[in-house]
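This report refers to the structure that appears directly beneath it.
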Amino acid sequence: MRKSASGNTLYTNDNLYILSGLNSESVDLIYLDPPFNTKRMYSASVGCKTAGASFKDIWTWEAIITKMTNCSAVRVTKSKATVRWNTCG
């Protein structure tokens, strides 16, 4: 979803879908709200659109740094941009 106000745009959707359509070095702020390292496996409910999909909510800081430096978020972020990481559970 795309919402615009006062010359700013807020995108809410799957990050891979949104990032693939953005120009390089065009983003001032990235807000991340990852899973909270609950050490659990989450699966989509049977009968829903994403049935069969699942993910492990298990991560390390090293893995996150590696993924962040190799992802599209780095490509679209301006050199003086802000990255906000929500780590509260």
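For the range 1-31, what are the residues that are under 15 Å from the mean Cα position of the chain (by Cα), closer than 18 Å to Thr77 by Cα, at pLDDT below 85 and in a loop (DSSP other than H, G, I, E, B)? Selection gives Thr12, Asn13, Asp14. Close Cβ contacts (under 6 Å, 6 or more residues apart or on different chains) running from residues in the range 45-58 that are free of Cβ contacts under 8 Å to residues at least 12 places away in the same chain to residues that are not β-branched (Val, Ile, Thr) comprise Thr50/Ala44; Ala51/Ala44; Ala53/Ala44.
The criterion of being out of contact with any Asp or Glu (no Cβ under 7 Å at 6 or more places or on another chain), modelled with pLDDT of 75 or more and outside any helix (DSSP H, G or I) holds for Val83. Summed over the range 45-67, the residues that are part of a helix (DSSP H, G or I) and exposed (fewer than 10 other Cβ atoms within 10 Å of the Cβ) give a count of 2. Residues of the range 32-44 that are surrounded by 11 or more Cβ atoms within 10 Å (Cβ to Cβ), part of a strand (DSSP E or B) and in contact (Cβ under 8 Å) with a residue 12 or more places away in the chain: Leu32, Arg40, Tyr42.
The values are calculated or read from the model by the stated rules, or taken from the named source; none is laboratory data. Not measured: the values here are computed from a predicted model. Every residue, glycine as well, gets a Cβ built from its backbone with ideal geometry; the counts of neighbours run over all protein chains shown.
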